[in-house]
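Have a look at this one.
The values are calculated or read from the model by the stated rules, or taken from the named source; none is laboratory data. Model, not experiment: these values are computed from the prediction. We place every Cβ from the backbone using ideal geometry, glycine too, and count neighbours over all the protein chains shown. Side chains are part of the model used for accessible areas, which takes the heavy atoms of the whole protein and leaves out ligands, DNA and RNA. Shrake-Rupley method; radii C 1.70, N 1.55, O 1.52, S 1.80 Å.
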Amino acid sequence: MIPVRRLNHAVLYVRDVDRSVAFYREAFGFEVVEQVPGRAAFLRAAGSGNHHDLGLFAVGPTAPSPPPGSVGLYHLAWQVDTIEDLAGAAATLRQLGALAGASDHGTSKSLYGVDPDDNEFEIMYLVPRSDWDAYEGRAPVMPLDLDRELARYGSRGER
């Protein structure tokens, strides 16, 4: 058994590293830790203790995308601290034309987005453990009513 504690960082292949850096900086506010223009970049999230949270490596403008349903990475998930942060993420992703979906998983509330290379990512708010109830050990996919969740978990409704 390998005693893993958490995922430290992810690395993605992208067609245009500079375009992807611009997207992740605008969408997430990531800072560039190191960059080899046109070839690679390492980015860190605000407040992160990691050297980098995301690495990007350019593979060229004609690199093919994997066909849908092929083996490989499905998505990355980034957690936000508050339901208001999730609502703000929805607005940012809409503005960037990158919002691909939203789901209520019972224990978490999630948004799904895509970067310029159609790499999917999730932004999720983990509900308080005391509210997991019937969802403990389950991962349903239900429609997300963000307004209802803001009323329940927002600064005025948070328990």
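Counting only residues that are open to solvent by less than 50 Å² (accessible area, probe 1.4 Å) and either in contact with a Pro (Cβ under 9 Å, 6 or more places away or on another chain) or part of a strand (DSSP E or B) (or both), which one in segment 42-62 is nearest to Ser108 (Cα to Cα)?
Pass one, segment 42-62, residues open to solvent by less than 50 Å² (accessible area, probe 1.4 Å): 42-43, 45, 48, 50, 52-56, 58, 60.
Then drop every residue that is not either in contact with a Pro (Cβ under 9 Å, 6 or more places away or on another chain) or part of a strand (DSSP E or B) (or both), which leaves 42-43, 54-56, 58.
Numbers: Phe42: 28, Leu43: 26, Leu54: 23, Gly55: 26, Leu56: 27, Ala58: 33 Å.
Within segment 42-62, the match that is nearest to Ser108 (Cα to Cα) is Leu54.
Is it the case, given these coordinates, that Leu76 is closer than 30 Å to Arg148 by Cβ, among the aliphatic types (A, V, I, L, M) and open to solvent by 50 Å² or more (accessible area, probe 1.4 Å)?
no
Looking for whichever is over 20 Å from Leu56 (Cβ atoms), out of contact with any Ser or Thr (no Cβ under 6 Å at 6 or more places or on another chain) and open to solvent by 40 Å² or more (accessible area, probe 1.4 Å) here; the options are Asp104, Asp133. Which one fits?
So the residue among Asp104, Asp133 that is over 20 Å from Leu56 (Cβ atoms), out of contact with any Ser or Thr (no Cβ under 6 Å at 6 or more places or on another chain) and open to solvent by 40 Å² or more (accessible area, probe 1.4 Å) is Asp133.
Checking the conditions here, which among Thr82, Thr107, Thr62 is over 26 Å from His9 (Cβ atoms), out of contact with any Asp or Glu (no Cβ under 6 Å at 6 or more places or on another chain) and β-branched (Val, Ile, Thr)?
Sole residue among the options that is over 26 Å from His9 (Cβ atoms), out of contact with any Asp or Glu (no Cβ under 6 Å at 6 or more places or on another chain) and β-branched (Val, Ile, Thr): Thr62.
When you look at Val36, is it open to solvent by 90 Å² or more (accessible area, probe 1.4 Å), farther than 17 Å from Asp115 by Cα and more than 16 Å from the chain's Cα centre (by Cα), yes or no?
no
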